[in-house]
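One structure is given below, encoded as structure tokens.
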Amino acid sequence: MRRKLIAGNWKMNGLLASGRGLARDLAAQLGDQPPACEFLVCPPFHLLVPVAEEIAGSPVLLGAQDCHSAEKGAHTGDVSAAMLADLGCSHVILGHSERRADHGESNSLVRAKAEAAFGAALVPVICIGETEDQRQAGEALAVVGAQIAGSLPQAEGEFVVAYEPVWAIGSGRTPTRDDVGDVHGHIRTLLCDRLGDARGRAIRILYGGSVKAANAGELLGIDQVDGALVGGASLEASEFRAIGTACA
Ligand code: 13P
């Protein structure tokens, strides 16, 4: 059925030497992994080429952390989906809560970016998730539902959903098994309602927020959790590999 995907979001970390070194370690450690899962690394933009060079020939996939919604043009400092594809990316993270907060990204902008990603044959990894206040107010499912309704592309194409509760990111805290299961189950229902059963069931739903080797087995064992989007723990090759091992 759905093969699990373990994706590393390096965020704004790594200079040339350290980024290249991490990618080399990942290629060495993940090259001989049994095919229990797929691995994806998403380094910052300046490391895409060196990381692509280091992981060439390994099963590790390459992704970026954002793209612009336009194909090209007068957008100083931005990067288009086609530019990312040109560098060897297969995936792009979109609508991460840090971009929604730092850059005011709205659901409709995330949708436009996802459609731009389709235009370059990239698979968007679309991030959604509630804040702590929203969870405490009992609004988690409603918030996630509104983000699904507003952020998902309307065009046909393969995409991944990443559920990342904002309060679990970088905090060492994770939701309970039941809470993760409830949200992932809700997302699955919404995907099937929107896309029909066959397509809705084929979409992978990742969990993100303080995933590490020590809790990966438990989180990845929850119904409808099809992988993980990993921040801090993706910056160490052995820890990232151990998260993948938990898939088996
Ligand atoms: P942490 O794994 O560091 O909590 O970050 C999660 C995340 O934001 C991945 O996109």
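The values are calculated or read from the model by the stated rules, or taken from the named source; none is laboratory data. What you are looking at is a predicted structure, and each value in this text was computed from that prediction instead of being measured. Note that we place each Cβ from the backbone using ideal geometry, even for glycine, and neighbour counts take in every protein chain shown.
The set of residues in the range 80-99 being away from the ligand (no atom under 16 Å from the Cβ), touching a Cys at 6+ places or on another chain (Cβ under 8 Å) and of a type in the set (Gly, Ala, Ser) consists of Ser80, Ala81. Taking each residue of the range 219-245 that is part of a helix (DSSP H, G or I) and looking for partners that are within 15 Å of the ligand (Cβ to nearest atom) and acidic (Asp, Glu) with beta-carbon atoms closer than 8 Å, six or more apart or interchain, yields Ala233/Glu239.
Candidates Leu191, Leu229: the one that is within 24 Å of Ala140 (Cα to Cα), at pLDDT 95 or above and away from the ligand (no atom under 12 Å from the Cβ) is Leu191.
Name the residues in the range 194-214 that are within 9 Å of the ligand (Cβ to nearest atom) and either among the charged types (D, E, K, R) or assigned to a helix (DSSP H, G or I) (or both), would you? Matches in the range 194-214: Lys212 only.
Of the residues Ala155, Ala202, Ala149, the single one that is over 15 Å from Ala114 (Cα atoms) and among the hydrophobic types (A, V, I, L, M, F, W, C) is Ala202. Test Ala137 against the criterion of being free of Cβ contacts under 8 Å to residues at least 24 places away in the same chain and over 28 Å from Ser69 (Cβ atoms), and give yes or no. Against the criterion (free of Cβ contacts under 8 Å to residues at least 24 places away in the same chain and over 28 Å from Ser69 (Cβ atoms)), Ala137 qualifies.
Taking first residues from the range 158-178 that are within 14 Å of Val143 (Cβ to Cβ) and partners that are within 9 Å of the ligand (Cβ to nearest atom) and in a helix (DSSP H, G or I), the Cβ contacts under 6 Å between residues at least 6 apart in sequence or on separate chains come to Val166/Ser97. One residue alone among Gly95, Gly170, Gly88 is crowded, with 20+ Cβ neighbours inside 10 Å and under 18 Å from the mean Cα position of the chain (by Cα), and that residue is Gly95.
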